[in-house]
Amino acid sequence: MAFLRSITKPDPASLVLGDGVYLRMPQMSDFAEWAALRDESRDFLTPWEPTWPTDDLTRTAFRRRLRRYQREMREDHAYPFFIFRGGDNVLVGGCTISNVHRGVQQDCTLGYWAGAPFAGQGYVTRAVRALIPHVFEELKLHRIVASCLLENERSKAVLRRCGFREEGYTRGLLRINGVWRDHVQFAILRDDPRP
């Protein structure tokens, strides 16, 4: 029976618990809080993210986003999560597991963001720490890769605090704010020690 579980598509839990935070898959009922947080954080996030579509914060675009998320989860390509603060259930940011590769590779890419009012308070670090065992134990992957802009010291600190190791420099990896940008790549393996 264990063999069959190892070759079938995982059924990931929709809730991941962490230290003072929890991660949950996005729902339509999150729209107003998500749109308000993203709008309030636009200037803060713009230097670190791809250019937002003009309709990005509309209910229609959010509905399309949720349909895409559902398709990507069904196809085992990506798993999006919103980060909520424990206690008062306030949305503070998001984490996404994407580019899931199966077969001999068994890896994925981690991305994350925090709303401006919650940046630098440890929420993303705690969310990533909670997500790492979820990826290795629930999704049964072997490696998590994360990349950040060379000057994004906060993002580098999150990854280092969570046990990721710097692996190298990638030229022109992502188009950020309309420009192809170089990134530093980090990774953590299932068997790596964790802080």
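No value in this document is a laboratory result; all are computed from the given coordinates. What you see is a predicted model; the values in this text were computed from it and never measured. Positions of Cβ are backbone-derived with ideal geometry, glycine not excepted, and every protein chain shown enters the neighbour counts.
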So for the chain, averaging the separation of alpha carbon pairs under 8 Å that are six or more residues apart and normalising by length, what relative contact order in percent results? 21 percent
Two pseudo-spin positions, 7 Å from Cα along C-beta at His142 and at Asp191, lie apart in nanometres by 1.0 nm
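Where nothing but the Cβ of Lys and Arg (+1) and of Asp and Glu (-1) is charged, how large is the charge dipole of the chain around its Cα centre, in debye to the nearest 20? Could the numbers behind the result be given before it?
Details: 29 positive and 24 negative charges, 80 e Å.
Using Cβ point charges on Lys, Arg, Asp and Glu, the chain gives about 380 debye.
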Quick calc: nm separation of the 7 Å Cα→Cβ label points for Ala157 and Leu173 -> 2.0 nm
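Compute the length gained on full extension between Asp76 and Thr51: take 0.36 nm times their separation in residues and subtract their Cα-Cα distance, giving the result in nm to one decimal.
Numbers: separation 25, 0.36 × 25 = 9.00 nm, distance 2.58 nm.
Value of the extension gain: 6.4 nm.
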Karplus 3J(HN,Hα) series, Hz, for segment 18-34 with 6.51 cos²θ - 1.76 cosθ + 1.60 (x for Gly, Pro): x, 7, x, 9, 9, 10, 9, 5, x, 10, 4, 5, 7, 3, 4, 5, 5
Charge dipole of the chain built from unit charges on the beta carbon (Lys, Arg +1; Asp, Glu -1), centred at mean Cα; most positive-end Cα among Gly163, Leu66, Phe118 is Leu66
